[in-house]
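The structure under discussion appears below in the form of structure tokens.
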Amino acid sequence: MPHFLLQASYNAAAWAALAKEPEDRTEAIKPVIERLGGRVISGYLSFGDFDIVAIVELPGSVQAAAYAIASSGGGALRVHKTTPLLTPEEAKQAMRLAAQTEYHAPHALQQAMAQEAADLVAAVGE
């Protein structure tokens, strides 16, 4: 089942409510994630750009979007971000598929990169 990183920041009213009545919000999201067919793997309070983070399993992006919509619409969050996660094996599969696409950067960028490399070689030789 796909994994997702959920990150969120509370608004001032939510922090005030949590300070008044502390609670484990990981426990609060478990039944919501389970109703969407998933499970919470872990959840943490964090410091920095986001106040809370969780790793969850969900059947797919539709369920992840449903959670994002529901939690964002609840009124307690200032910011919510959902990031799909790949296992190392899934990442290797994606890399192999990427190699088969024969994608290339725009020609102007390729030329600029080649010139930058040539300039670097010349600078090292001086």
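A short reminder: the numbers here are calculations on the coordinates, not readings from a lab. Since the model is a prediction, treat every value here as computed from it, not as a measurement. Note: ideal-geometry Cβ built from the backbone for every residue, glycine included; neighbour counts use all protein chains shown.
Among TYR67, TYR44, TYR103, which one shows the biggest mean-square fluctuation in a GNM of the chain, springs joining Cα atoms closer than 10 Å? Looking only at TYR67, TYR44, TYR103, the largest GNM fluctuation is found for TYR103. When the Gaussian network model of the chain links Cα atoms closer than 10 Å, the mean-square fluctuations of THR87, THR101, THR26 top out at THR101. Contact order, relative form, for segment 13-124: 15 percent (alpha carbon pairs under 8 Å, 6 or more residues apart, mean separation divided by residue count). Comparing ALA99, ALA16, ALA54 in a Gaussian network model of the chain where C-alpha atoms under 10 Å apart are linked, the largest mean-square fluctuation is found at ALA99.
Contact order for segment 1-69, expressed relative to its length and based on alpha carbon pairs under 8 Å spaced 6+ residues apart, stands at 44 percent. With a cap of 14 neighbouring Cβ atoms within 10 Å, and only residues DSSP puts in a loop, list the GluC sites (Glu not before Pro) found in segment 63-121. Here the GluC sites (Glu not before Pro) that fit, given the DSSP loop and packing criteria, are GLU102.
If the cut-off is 18 Å between C-alpha atoms, which lysines fall inside it for LYS30, apart from same-chain ones fewer than 8 positions away? Once the sequence-local lysines are set aside, what remains near LYS30 is LYS81. Using 17 Å as the cut-off for backbone N distance, which residues of segment 67-91 belong to the label zone defined by a point 7 Å from the Cα of LEU97 along Cα→Cβ? So the set is 84-91.
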